[in-house]
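**Q** Quick one: this structure, given as structure tokens, is what I'll be asking you about.
Only the coordinates and a few stated rules stand behind these numbers; no lab work does. Since the model is a prediction, treat every value here as computed from it, not as a measurement. Note that we place each Cβ from the backbone using ideal geometry, even for glycine, and neighbour counts take in every protein chain shown.
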Amino acid sequence: MRKILYFVVFLFFSISYAQQPEKLNSSEIFKKIQKLNFLGSVLYVAAHPDDENTRLISYLSNHLNARTGYLSITRGDGGQNLIGPQLRELLGIIRTQELLAARRIDGGEQFFTRANDFGYSKHPEETLEIWNKDEVLKDVIHRIRTFKPDVIINRFDHTTAGSTHGHHTSSAILSVEAFELAGKDSSLDLAAPWQPKKLFFNTSPWFYESQEAFEQADKSDFIEFNIGQYFPLIGLSNTEIASLSRSQHRSQGFGSTGSRGKQTEYIKLIAGEHPKNTNDLFAGINTTWSRIDGGKAIGDILYAVEENFDFQNPSQSIPELVKAYKLIQQLQDDHWRDLKSEEIKEIIAASAGLFLEAVAENPAATRGEEIQINLEVINRSVGNMNLVSVEIQNLKENLTPQTALQNNEDWQEQISVKIPENAAYSTPYWLKNEGSLGMYKVENPELIGKPETPAPFKAIFTIEIDGISIPFERELVYKKNDPVFGEMYQPFEIIPKVSLSLLNKVEIFADSSSKVIPVTVKTAKANLTGTLQLDHPASWKVSPDSYHFNLSEKGEERTFMFTVTPPQGQEEAVVRPEVIIEGKTFSDEIVQIDFEHIPLQTLVLPSEAKLVKLDIQKRGKLIGYVQGAGDVVPQALEQIGYRVITIAPENISAGNLEKFDAVVMGIRAYNVVDELKYKQEDLLSFVKSGGNLIIQYNTNHGLKTNYLAPFPLKLSRNRVTNEEAEVRILASEHPVVNTPNKITPQDFEGWVQERGLYFPEEWSEEFTPVLSMNDAGETPKNGSLLVAPYGKGHYIYTGLSFFREFPAGVPGAFRLFANMISLGRQEEYNK
């Protein structure tokens, strides 16, 4: 069954693990012709990846055939990752690609602004201040003016400030303001003004106090859709497609089961005009070819193509499609001309079985390197076609084969080209420059809003069909044969001659002892000779000063060891490896993100590590760790000298735990690990026998056990999002803030993104609340760190965001965690 489902998804939605070329069958070609003949568009607006309503996007794209875009204000960089250790910018890369994977399924297009997801925000005022509202508003206006939607639909309510995530409300506020400004001539954006006709809010019972309140609400401005349609050409219902799309958000754990049958979506008019008593979203808007000057003649051709489409032989439509293509080139409306030109070209290519490909022999190249490109063209129809030329953009290569493309006869050519010395490295455009907490810095305005960096090199195949020259564009890619998966594609990348990588992005020095820091040098070019050194502050001693090396083979790597000695006092520093080659300095690292559900991602980023000399003491030696949703706590504890052993949930037993000084539960372990519903008794027995059990945060929804603690404890959604919020020590005499490290307010300086989340709001008297904190204007939150003696040991529950602070090398987080582990290894505290 799993194989059958995979086939259906691949067949109808062209999902690819990388740059797999789209190969359409007759049903898909017909569907694209239907979309070609619909001249209406909708822009859906929300805050994050996974905020979008895939049911509605699929309905708009696949049922109404509207051009449908999703504008996600952020890339979701501030979220959490259930599939790997990547956080912040690297998580933003993953979530960007997951959105693109989702759009390949539901038929939408994807866009962004420059806003950075800085983490949870409680109010839009805070959000818009950190984002720089004016700049993000410009991005939204620019997307409206370039996408030119007839209709905008907001995912969230712009009137609910303070009642939900500040990013959510802000996305709606920005959309409402942009709706009013996009049609006015202003300096906010250089693109030509465009005024959408209608603005809606995608409401539902979820936005009301109860189902009853929703049923009683005034619905005079509502439009209702049955979004449960079944598509025979696809073999799936709209809601099944939406579930497949939703399930691409794997890093957030949003796998969704498909559903069938009638389901209703609601949208509420909040601006513009919509005729009363109709559920036609485009009522009053001309969505036919006659909406543009010169379009009627094109429509006369293309509506006939749709009506007379031959599923057995799609190539029958090519002569009429080519006539329509010629007329489209004469349109004065450049928006529709450009958009419909691309659509009809791909329909022509698919109808002819026209296969066009430009493949590099290697997956990556360096500046100035000569590469081999294999070109292939084949016409699998009886149509009259000629290959006029092949141009490789940005590589100054232009072939003029002037050859007839006979039915099913392959044309191939291999060419050698040189990569320009000024070619840009492959890395996401929004990460090339250092931005701010709330905004990415993008120097090229043409890139703003694009989901990813455009491919650096493209092949333009000009094909003459029935006397009309048509250019077809294909990205230069790399292709290989995998022994398991067969033919595999991935992007072709431009990388530096050498990559420098450090084993750890944070190195913790728990005392004044020296540490050996390995630096791995990997060459992308044969016979590379250079000098490796570490750029470091003078207060840190490094030996040796440098290494001279020669790497003879392309792809060869070698690791060099530097001994680093910290200063005496507590101090933080940054160290950067550098290679000097022929007078030029290289200091970048090639980072790759490789997951099955998204294309391989290659980034070229500055290589650096944070060095932290801690004033820290610790007690205990052996720590057990139970994995949850993913964090780097084990690696962090090892850095300060603990031995950490990962415990498989099925191996949790009183006997297996007795050797540990403490057991640490990974974040959200009780939300994601089913076995824990049967293991809590063993874990609490470990505490009773003298161990320390440290529970990191869990959400109150979906707990695997109702027996989370040995005493009553109720979780909540309380959180403190301001990482600089004042921290007050309530239990100043408690050993957890005194032994072996004296914890002071200074230990909470330099925290990142937040203080913590999902704090308990109710607990029994056995617990001691240790800390108090709150965001501005809120009541104190005292549940961030709770400690309860239980038997001979201690049960500790904490919502503090150690999982974010450890990767950032925050000293106070290490000191406090060491105290939690050390509890009970000193004189007991009397409450």
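**Q** Using the crude model of +1 on Lys and Arg Cβ and -1 on Asp and Glu Cβ, and no other charge, please compute the dipole size for region 40-277 relative to its Cα centre, in debye to 20.
**A** 760 debye
**Q** Moving on to the next point. Please report Rg over Rh for region 329-384, where both radii come from the alpha carbon positions and Rh follows the Kirkwood definition.
**A** Using Cα coordinates only, the ratio equals 1.17.
**Q** Using only helices, what value at 222 nm comes out for the chain when you add -39,500 (n - 2.57) per DSSP H run of length 4 or more and divide by the total residues, to the nearest 500 deg cm²/dmol?
**A** Taking each H run of at least 4 residues, the total per residue is -6500 deg cm²/dmol.
**Q** Semi-axes of the equivalent ellipsoid for region 376-444, please: Cα gyration tensor eigenvalues, times 5, square-rooted, ordered largest first, whole Å.
**A** 41, 16, 9
**Q** Which peptide among 365-376, 90-101 comes first, and what is the full order, when sorted by highest mean count of other Cβ atoms within 10 Å?
**A** 90-101, 365-376
**Q** Let me ask you something else. Work out the length of the dipole vector of region 352-492 about its Cα centre, built from +1 on the beta-carbon of each Lys and Arg and -1 on the beta-carbon of each Asp and Glu, and round it to the nearest 20 debye.
**A** In debye, rounded to 20, region 352-492 gives about 360.
**Q** Trypsin sites (Lys or Arg not before Pro), restricted to region 187-285: which are DSSP loop and have at most 14 other Cβ atoms within 10 Å?
**A** 219, 260, 262, 276
**Q** Moving to a separate point now. Once you order the gyration tensor axes a ≥ b ≥ c over the Cα atoms, which shape class does region 701-770 get: rounded for a/c under 1.5, otherwise prolate or oblate by comparing a/b with b/c?
**A** Verdict is oblate for region 701-770.
**Q** Next question, about the same structure. List every residue whose amide H lies under 5 Å from the amide H of residue 619, counting only residues 5 or more places away in sequence or on a different chain, with H placed 1.01 Å from N in the peptide plane.
**A** The answer is 822.
**Q** What shape does region 132-197 take by its C-alpha gyration tensor, where a ≥ b ≥ c are the square roots of the eigenvalues and a/c under 1.5 counts as rounded, a/b above b/c as prolate, and the rest as oblate?
**A** In terms of gyration-tensor shape, prolate.
**Q** In angstroms, what radius of gyration and Dmax does region 352-492 have, counting Cα atoms only?
**A** When restricted to Cα atoms, region 352-492 yields Rg and Dmax of 17.8, 58 Å.
**Q** Net charge within 11 Å of residue 418 by Cβ-Cβ distance, Lys/Arg positive one each and Asp/Glu negative one each, not counting residue 418 itself?
**A** -2
**Q** To continue, here is another question. Could you rank the peptides 612-619, 439-446, 560-567 by their average count of other C-beta atoms within 10 Å per residue, with the highest value first?
**A** 612-619, 560-567, 439-446
**Q** Distance check, please: which entries in 32/323; 32/219; 480/525 exceed 23 angstrom between their Cα atoms?
**A** Result: 32/219 exceed 23 Å.
**Q** If you don't mind, there's one more thing I want to ask. Put +1 on the Cβ of every Lys and Arg and -1 on every Asp and Glu Cβ in region 352-492; which of 420, 461, 406 then has its Cα farthest towards the positive end of the dipole?
**A** Of the listed residues, the answer is 420.
**Q** I would also like to ask the following. Considering only the other residues whose Cβ falls under 11 Å of the Cβ of residue 603, what net charge follows from Lys and Arg at +1 and Asp and Glu at -1?
**A** Counting the neighbours of residue 603, the net charge comes to -3.
**Q** For a quick protection proxy, order the peptides 326-336, 288-298 by their average other-Cβ count within 10 Å, most packed first.
**A** Output ranking for 326-336, 288-298: 288-298, 326-336.
**Q** Expressed in nm², what is the orientationally averaged projection area of the convex hull enclosing the Cα positions of region 40-277?
**A** With the hull built on Cα positions only, its mean projection is 13.1 nm².
**Q** OK, next. Report the trypsin sites (Lys or Arg not before Pro) located in region 698-782 that are in a DSSP loop and have at most 16 other Cβ atoms inside 10 Å of their Cβ, or state none.
**A** Here the trypsin sites (Lys or Arg not before Pro) that fit, given the DSSP loop and packing criteria, are 742.
**Q** Continuing with this model, one more query. Give, to the nearest whole percent, the P(r) tail of region 107-221 beyond 24 angstrom, counting all Cα pairs.
**A** Counting every Cα pair in region 107-221, those more than 24 Å apart make up 32 percent.
**Q** Dividing the Cα convex hull volume of region 675-720 by residue count, how many Å³ per residue is that?
**A** 88 Å³
**Q** May I pose another question? Mind grabbing the base-10 log of I(q)/I(0) for region 364-414 at q = 0.15, 0.20 Å⁻¹? Debye formula, identical points on the C-alpha positions, no solvent, two decimal places.
**A** The calculated log intensity ratios at q = 0.15, 0.20 Å⁻¹ are -0.50, -0.76.
**Q** Let me ask you something else. Given +1 on the Cβ of Lys and Arg, -1 on the Cβ of Asp and Glu, and no further charges, what dipole in debye does the chain carry about its Cα centre, rounded to the nearest 20?
**A** Once rounded to the nearest 20, the dipole reads 1140 debye.
**Q** While we're here: Amide H of residue 73: which non-local residues (sequence gap of 5 or more, or other chain) have their own amide H closer than 5 Å, using H built in the peptide plane?
**A** It is 46, 47, 48, by chain and number.
**Q** Less than 13 Å Cβ to Cβ from residue 275, Lys/Arg counted +1 and Asp/Glu -1: what total charge do the surrounding residues give?
**A** Every neighbour counted, the sum reads 0.
**Q** Here is a follow-up. Please state, to two decimals, what the Cα-based radius of gyration of region 509-609 comes to when divided by 2.2 N^0.38 Å (N = residues).
**A** Compactness ratio reported: 1.24.
**Q** Taking +1 at the Cβ of each Lys and Arg and -1 at the Cβ of each Asp and Glu, which of 764, 686, 634 sits farthest along the dipole of region 622-822 towards its positive end, judged by Cα position relative to the Cα centre?
**A** With unit charges placed on the Cβ atoms, the residue in question is 686.
**Q** If you don't mind, another one. With a ≥ b ≥ c the root eigenvalues of the C-alpha gyration tensor of region 605-759, is it rounded (a/c under 1.5), prolate (a/b larger than b/c) or oblate?
**A** Taking the square roots of the gyration eigenvalues as a ≥ b ≥ c, region 605-759 is rounded.
**Q** Taking +1 at the Cβ of each Lys and Arg and -1 at the Cβ of each Asp and Glu, which of 173, 448, 229 sits farthest along the dipole of the chain towards its positive end, judged by Cα position relative to the Cα centre?
**A** Going by the charge dipole, the pick is 229.
**Q** Moving on. Per the Kirkwood definition applied to all pairs of different Cα atoms, how many angstroms is the hydrodynamic radius of the chain?
**A** 29.8 Å
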